[in-house]
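Q: Pasting a structure here, questions to come.
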Amino acid sequence: MIVTCCGLASWVCAVRINGRGIPRGRLAQLARAPLLHGGGRGFKSLIAQLLLRKATARSQKRTVSPLKIFWLSSAVCASIICALSLVWPAALWLFVIIGPLILLGIYDSSQRSHAVIRNFPVIGRARYWMETVRPEIQQYFVESDTSGRPFSRELRSVIYQRAKIATDTRPFGTIRDLHEVGSEWIAHSLRPIHQKTDGPASQQEPRVMIGEGSCDQPYAASMLNISAMSFGSLSKNAILALNGGAKLGGFAHNTGEGGISPYHLECGGDLIWQIGTGYFGCRTTDGTFDPDRFSEKAKTKSVRMIEIKLSQGAKPGHGGILPGSKVTPEIAEIRGVPVGLDVNSPPSHNAFSNPKGLLDFLVQLRDLSGGKPVGFKLCIGLPSEFLSICKAMVETGIVPDFITIDGSEGGTGAAPMEFSNSIGMPLTDGLLFAHNALLGCNLRDKIRVICSGKIVTGFNMIQRMAIGADLCNSARAMMFTLGCIQALKCNSNHCPVGVATQDPDLIRGLDVSSKKHRVHNYHRKTVESFLDILGAAGLSHSDELQPQHIHRRVSPTEVLDYGRIYQYLTPGVLLSKTDVLLPKTGRTNGFFSDAWELASAERF
Ligand SMILES: Cc1cc2nc3c(=O)[nH]c(=O)nc-3n(C[C@H](O)[C@H](O)[C@H](O)COP(=O)(O)O)c2cc1C
């Protein structure tokens with residue numbers, strides 16, 4: 001009996017001390033034992049029942065709601081101030097602080113759009129405030145030099161430094177993990193060429209001829225040019241500075257699909273006029289292509305080439321989007337659209353509907369422009385559709401002067417998230433495919449291939465040219481030279497540095513006279529870096545660059561060069577009646593054979 005009592009007492013103590021730790025399941029099991037069971041089990045059951053009831057009551061006990069706390073504290077504060085004012089009348093001034101907070105709380109608790117604020121008046125607003133400053137905190141305090149996206153701090157810094165002609169060298173060695181899978185480098189030579197003295201840079205930056213043989217007015221393009229960004233997505237000062245930089249450096253500035261504005265013409269830099277599905281600047285009132293308006297503008301001296309936009313990497317298959325907040329009266333007039341309403345260009349052209357139609361349109365533009373080079377821009381989607389265009393080229397003998405391949409990693413002013421994340425081929429794959437398709441059709445030497453998609457450094461240019469590109473375009477790197485801080489607000493009209501906004505108060509921050517020099521400096525230093533790297537590899541011209549020059553770590557213990565990683569087709573192989581054989585292995589390339597089979601010059 002004594003032992004049972006002691007055991008029971010110690011069990012009760014243990015339960016009291018560890019009560020919260022006994023699982024509810026165990027308590028319920030004990031509570032179910034018959035009360036009058038011998039050996040103390042009946043008492044255990046009784047106590048377990050009591051404890052279980054207590055635990056249930058505790059878990060169901062409700063805390064005081066934040067809303068009640070708000071009402072209570074408002075009432076207490078108001079009462080204290082009133083009471084205090086009896087002895088110290090100036091205390092009533094405290095209502096200047098407390099009053100608005102109480103009114104804000106009343107509003108918060110009655111509004112219906114935000115549950116957090118409705119349940120936690122006033123204080124719940126902190127969540128929204130923290131969400132607003134989250135990108136800044138992330139950028140300034142959380143991200144590392146290499147982790148920021150879309151562009152890391154390391155890349156942004158090198159652009160700023162080159163644009164400002166500040167020190168752009170790095171001390172102490174690389175901060176990258178060169179053993180990481182995917183890391184790439186160019187193989188240097190033991191007989192490097194010093195580009196500044198014995199390479200082409202000693203005379204002049206090498207140029208790439210576009211439209212030679214097919215156009216009356218071919219264009220000698222720089223290796224690096226400004227990719228399409230329209231007036232509308234960018235501010236007038238941004239356009240002025242980009243074009244001013246292009247003029248200083250002798251490189252080309254693509255207008256984007258928004259048409260040619262007076263700001264594109266003011267500084268006299270070379271222009272590539274982009275014609276999108278909205279035909280802005282050359283459209284009739286019902287939104288179709290207007291040949292007369294086109295001809296008049298295309299003959300402007302600054303316009304050096306014409307680019308038909310089929311698609312763009314950041315939103316392929318989706319028309320252009322200009323948010324209504326950016327559609328000022330001036331932009332509305334240039335584009336021929338209503339002020340303040342979203343401008344959504346259609347996803348496809350109405351001037352043609354199949355590959356042969358595209359090529360006919362291209363010839364029409366070439367003629368209407370007085371013989372200027374014409375090409376098209378796209379992000380690769382269905383391989384058979386691109387091959388359909390190639391088939392049409394082979395059948396008609398009409399070839400574009402250039403094709404711009406944009407990677408799905410490319411930028412935009414505004415795009416649906418799914419389109420940016422999950423549609424279209426990234427640049428490496430798209431470029432390789434297009435290069436191979438043209439090789440396979442014996443067309444590669446007739447067409448210049450331009451590429452864009454996160455090209456920032458001289459080495460990025462080298463990587464793309466080793467795959468098959470002739471020249472490069474850059475959009476966002478050029479925005480950084482204008483002072484872009486990657487605030488990710490291009491779609492909101494609130495760009496804090498006046499680059500991607502139409503708000504005059506913000507635009508005034510972008511000083512054209514200094515920024516145009518930064519655009520020029522960045523271009524010059526990047527092309528210099530590109531030539532320096534070529535020299536280090538013992539090459540004097542980009543034509544000598546081969547896929548074998550670039551190496552990639554494909555596993556912790558294996559490194560392959562592009563020549564081994566990627567397959568290149570034998571020139572003309574798609575035109576032969578035999579299977580598409582791979583030159584090195586002799587195996588059939590089923591991917592190209594199947595896509596070529598599906599391709600038709602009559603339909604996309
Ligand atoms: C603000 C902004 C506006 C753009 N507008 C256009 C456009 O009008 N037409 C077009 O073809 N591409 C447009 N692009 C895409 C760029 O021309 C380019 O293809 C893409 O950003 C990839 O280059 P990047 O990685 O150097 O930025 C735009 C990009 C940005 C960032």
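Q: Among the residues of the range 368-398, count how many are among the aliphatic types (A, V, I, L, M) and open to solvent by less than 30 Å² (accessible area, probe 1.4 Å). Please lay out each step first, then the result.
A: Of the residues in the range 368-398, the ones among the aliphatic types (A, V, I, L, M) are 368, 374, 378, 380, 382, 387, 389, 392-394, 398.
From the residues that got through so far, the ones that are open to solvent by less than 30 Å² (accessible area, probe 1.4 Å) too are 374, 378, 380, 387, 389, 392-393.
Here the count works out to 7.
Q: Also: Being without any contact (Cβ under 8 Å) to a residue 60 or more places away in the chain and under 19 Å from D216 (Cα atoms) is the filter here; which residues of the range 280-304 pass it?
A: E296, K297, T300, K301, S302, listed by residue number.
Q: Kindly list the number of the only condition in (1) of a type outside the set (F, W, Y); (2) open to solvent by 60 Å² or more (accessible area, probe 1.4 Å); (3) at positive phi; (4) under 24 Å from the mean Cα position of the chain (by Cα) that fails for G182.
A: (2)
Q: Being within 16 Å of the ligand (Cβ to nearest atom) and of a type in the set (D, E, K, R) is the requirement here; does R191 meet it?
A: Taking the combined requirement at face value, the residue does not satisfy it.
Q: Right, something else. I'd like to check something: does the range 485-503 contain any residue that is outside any helix (DSSP H, G or I), open to solvent by less than 10 Å² (accessible area, probe 1.4 Å) and more than 10 Å from the ligand (Cβ to nearest atom)? Steps first, answer last, please.
A: We begin by selecting, within the range 485-503, every residue outside any helix (DSSP H, G or I); these are 485-503.
Going one step further and asking which of them are open to solvent by less than 10 Å² (accessible area, probe 1.4 Å), we end up with 498-501.
Going one step further and asking which of them are more than 10 Å from the ligand (Cβ to nearest atom), we end up with 498, 501.
Yes, that holds for at least one residue.
Q: A further question follows. Check off (1) closer than 18 Å to L234 by Cα; (2) in contact with a strand residue (DSSP E or B) (Cβ under 9 Å, 6 or more places away or on another chain) for L488 and give me the number that stays unchecked.
A: Of the numbered conditions (1) closer than 18 Å to L234 by Cα; (2) in contact with a strand residue (DSSP E or B) (Cβ under 9 Å, 6 or more places away or on another chain), the odd one out for L488 is (2).
Q: Continuing with this model, one more query. Residues of the range 439-462 being more than 27 Å from F151 (Cβ to Cβ) and either polar (S, T, N, Q) or in contact with a His (Cβ under 8 Å, 6 or more places away or on another chain) (or both), which ones?
A: Listed by number, the residues that qualify are N442, R444.
Q: On the given criteria, is S73 of a type in the set (G, A, S), assigned to a loop (DSSP other than H, G, I, E, B) and more than 30 Å from M479 (Cα to Cα)? Before you say what the answer is, go through the steps one by one.
A: On the way: of a type in the set (G, A, S): yes; assigned to a loop (DSSP other than H, G, I, E, B): no; more than 30 Å from M479 (Cα to Cα): yes.
When the stated conditions are applied, S73 does not pass them.
Q: All but one of (1) hydrophobic (A, V, I, L, M, F, W, C); (2) within 24 Å of the chain's Cα centre (by Cα); (3) within 28 Å of N344 (Cβ to Cβ) hold for L265; state the number of the condition that does not hold.
A: That leaves (2) as the condition not met.
Q: Check the range 211-221 and report whether any residue there is under 30 Å from P347 (Cβ atoms) and within 16 Å of the ligand (Cβ to nearest atom).
A: Scanning the range 211-221 turns up at least one residue that is under 30 Å from P347 (Cβ atoms) and within 16 Å of the ligand (Cβ to nearest atom).
Q: Going by what's in this entry, would A466 be described as at pLDDT 95 or above and buried (at least 24 other Cβ atoms within 10 Å of the Cβ)? Steps first, answer last, please.
A: Working: at pLDDT 95 or above: yes; buried (at least 24 other Cβ atoms within 10 Å of the Cβ): no.
When the stated conditions are applied, A466 does not pass them.
Q: Just to be sure I understand the filter: pairs with C-beta atoms under 9 Å, separated by 6 or more residues or on different chains, first member in the range 206-220 and among the β-branched types (V, I, T), second member assigned to a loop (DSSP other than H, G, I, E, B). Which pairs pass?
A: Short answer, once both residue conditions are applied: V208/S222; V208/M223; V208/D470; I210/P218; I210/P373; I210/D401; I210/D470.
Q: Say whether the condition of being open to solvent by less than 10 Å² (accessible area, probe 1.4 Å) and on the phi > 0 side of the Ramachandran plot is met by at least one residue in the range 251-258.
A: First, pick out the residues of the range 251-258 that are open to solvent by less than 10 Å² (accessible area, probe 1.4 Å): 251-256, 258.
Next cut, on the phi > 0 side of the Ramachandran plot only: 256.
Checking the range 251-258: at least one residue is open to solvent by less than 10 Å² (accessible area, probe 1.4 Å) and on the phi > 0 side of the Ramachandran plot.
Q: So, of the residues in the range 229-263 that are in contact with a Leu (Cβ under 6 Å, 6 or more places away or on another chain) and among the aliphatic types (A, V, I, L, M), which turns out to be nearest to H520 (Cα to Cα)?
A: A241
Q: Being over 22 Å from the mean Cα position of the chain (by Cα), at positive phi, among the small types (G, A, S) and open to solvent by less than 70 Å² (accessible area, probe 1.4 Å): is that true of G232 here? Spell out the reasoning first.
A: Values: over 22 Å from the mean Cα position of the chain (by Cα): no; at positive phi: yes; among the small types (G, A, S): yes; open to solvent by less than 70 Å² (accessible area, probe 1.4 Å): yes.
No, not satisfied.
Q: Tell me yes or no: at least one residue of the range 419-429 is hydrophobic (A, V, I, L, M, F, W, C), more than 12 Å from the ligand (Cβ to nearest atom), within 29 Å of P218 (Cβ to Cβ) and crowded, with 21+ Cβ neighbours inside 10 Å.
A: no
Q: So, one more: Within the set of pairs 6 or more residues apart or between chains, which connect a residue that is basic (K, R) inside the range 472-485 to a residue that is within 6 Å of the ligand (Cβ to nearest atom) with Cβ atoms less than 6 Å apart?
A: R476/G411
So that you can scan it fast, the table gives a plain yes or no per residue for (1) surrounded by 11 or more Cβ atoms within 10 Å (Cβ to Cβ); (2) more than 20 Å from the chain's Cα centre (by Cα):
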| position | (1), (2) |
| --- | --- |
| G105 | yes, yes |
| A115 | no, yes |
| N119 | yes, yes |
| V122 | yes, yes |
| Y128 | yes, yes |
| E131 | no, yes |
| R134 | yes, no |
| Q139 | yes, no |
| T146 | yes, no |
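Q: State whether one or more residues within the range 511-523 are crowded, with 17+ Cβ neighbours inside 10 Å, of a type in the set (F, W, Y) and under 27 Å from the mean Cα position of the chain (by Cα).
A: yes
Q: Pick from the range 432-456 the residues that are within 16 Å of the ligand (Cβ to nearest atom) and buried (at least 24 other Cβ atoms within 10 Å of the Cβ): which of them is farthest from M393 (Cα to Cα)?
A: Within the range 432-456, the subset within 16 Å of the ligand (Cβ to nearest atom) is 434, 449-456.
Then keep just the ones that are buried (at least 24 other Cβ atoms within 10 Å of the Cβ); that gives 434, 450-453, 455.
Values: A434: 14, I450: 18, C451: 20, S452: 23, G453: 26, I455: 29 Å.
Selected residue: I455.
Q: To continue, here is another question. Kindly provide the set of residues from the range 341-367 that are of a type in the set (K, R) and surrounded by fewer than 17 Cβ atoms within 10 Å (Cβ to Cβ), ordered by number.
A: Within the range 341-367, the first condition is being of a type in the set (K, R), and the residues that meet it are 356, 366.
If the condition is that a residue be of a type in the set (K, R) and surrounded by fewer than 17 Cβ atoms within 10 Å (Cβ to Cβ), then no residue fits.
Q: Among the residues of the range 340-383, which ones are in contact with an Asp or Glu (Cβ under 9 Å, 6 or more places away or on another chain) and more than 23 Å from E395 (Cβ to Cβ)?
A: S345, L368, G370, G371, K372, C379
Q: If you go through the range 288-305 one residue at a time, do you hit one that is closer than 17 Å to D401 by Cβ, in contact with a Pro (Cβ under 8 Å, 6 or more places away or on another chain) and surrounded by 24 or more Cβ atoms within 10 Å (Cβ to Cβ)?
A: The answer is yes; a qualifying residue exists.
Q: Restricting the search to the range 98-124, which residues are of a type in the set (S, T, N, Q) and either assigned to a loop (DSSP other than H, G, I, E, B) or more than 14 Å from K68 (Cα to Cα) (or both)?
A: Let us first name the residues in the range 98-124 that are of a type in the set (S, T, N, Q), namely 109-111, 113, 119.
Across the range 98-124, the qualifying residues are Q111, S113.
The values are calculated or read from the model by the stated rules, or taken from the named source; none is laboratory data. Just so it is clear, the model here is predicted, and its values are computed rather than measured. Note that we place each Cβ from the backbone using ideal geometry, even for glycine, and neighbour counts take in every protein chain shown. Remember, those area values only see protein heavy atoms, side chains included, never the ligands or the DNA or RNA. Shrake-Rupley method; radii C 1.70, N 1.55, O 1.52, S 1.80 Å.
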